[in-house]
1. Suppose we filter Arg71, Arg76, Arg121 for residues that are within 11 Å of the chain's Cα centre (by Cα), at pLDDT 95 or above, under 21 Å from Ala152 (Cα atoms) and not polar (S, T, N, Q); which single one remains?
2. Inside segment 76-114, can you point out the residues that are in a loop (DSSP other than H, G, I, E, B), surrounded by 20 or more Cβ atoms within 10 Å (Cβ to Cβ) and touching a strand residue (DSSP E or B) at 6+ places or on another chain (Cβ under 6 Å)?
3. Which condition breaks for Tyr130 when tested against (1) without any contact (Cβ under 8 Å) to a residue 12 or more places away in the chain; (2) in contact with a Leu (Cβ under 9 Å, 6 or more places away or on another chain)?
4. Given (1) without any contact (Cβ under 8 Å) to a residue 24 or more places away in the chain; (2) part of a helix (DSSP H, G or I), identify the lone condition not met by Ala73.
5. For Gly38, only one of the following conditions fails: (1) open to solvent by 30 Å² or more (accessible area, probe 1.4 Å); (2) of a type in the set (Gly, Ala, Ser); (3) at pLDDT below 85; (4) in a loop (DSSP other than H, G, I, E, B). What is its number?
6. Do you know which residues across segment 130-160 are open to solvent by less than 10 Å² (accessible area, probe 1.4 Å) and outside any helix (DSSP H, G or I)?
Amino acid sequence: VFFRAWICLLSALIGALAFPGAPSASEPARHSLLAGLGRPSEDGGAEGGVNITRHALPSSVRVLTDVAYGRAARQRMDVYLPARKVTGAPVILMVHGGAWRLGDKGMRSVVDNKVARWVSRGFIFVSTNYTLLPEANPEEQAYDVGQALALAQSRAAEWGGDATKFILMGHSAGAHLV
């Protein structure tokens, strides 16, 4: 229980540091902020102005995209690895926010700073999607995240990671799901 509370607190702190000018949840502006999250579109962009990561990564990073952990279309994760071979690396599993109904694993706000910070230090960074409302309720979404974690742990050694060194990270709804 303590560990889970610590992770939620850490997620909230990271969110506050990443978005210091963001309105609080009690302000009416939150609706316009959430409206900008959108859903991915077929052309690789996204509705609502979201910039999905398919842009240039640092040369020190390689990525495995859309690794399936289930049969549903959104049961996919992207794995960001150090370009140099690593062994026993810690793995960060990131779950995006978006009020349980919006967002994507490839949003720049989810990926860019974390990949730049952690992968360059030898960590493996995994960003996962989950089935969104109304197709799945939060309990089912948490199950999706559990499936993503199980697959990532089973493949960690293949990627150069250590299945016993996982850090769970989430923003907003994603923090709730971890």
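1. Values: Arg71 fails: within 11 Å of the chain's Cα centre (by Cα); Arg121 fails: within 11 Å of the chain's Cα centre (by Cα).
None of the others qualify; the one that does is Arg76.
2. Within segment 76-114, Asp104, Lys105, Gly106 meet the criteria.
3. (1) is the only condition that Tyr130 fails.
4. Exception for Ala73: condition (2).
5. Of everything listed in (1) open to solvent by 30 Å² or more (accessible area, probe 1.4 Å); (2) of a type in the set (Gly, Ala, Ser); (3) at pLDDT below 85; (4) in a loop (DSSP other than H, G, I, E, B), Gly38 misses just condition (1).
6. Tyr130, Leu132, Ala136, Gly160
The values are calculated or read from the model by the stated rules, or taken from the named source; none is laboratory data. Only a predicted model underlies this, so the values are computations on that prediction, with no experimental measurement involved. Methodologically, a virtual Cβ is constructed for each residue, glycine included, from the backbone with ideal geometry; neighbour enumeration extends over all protein chains shown. Ligands, DNA and RNA are stripped out before the accessible areas are found, and what is left, the full protein with its side chains, is counted by its heavy atoms. Shrake-Rupley method; radii C 1.70, N 1.55, O 1.52, S 1.80 Å.
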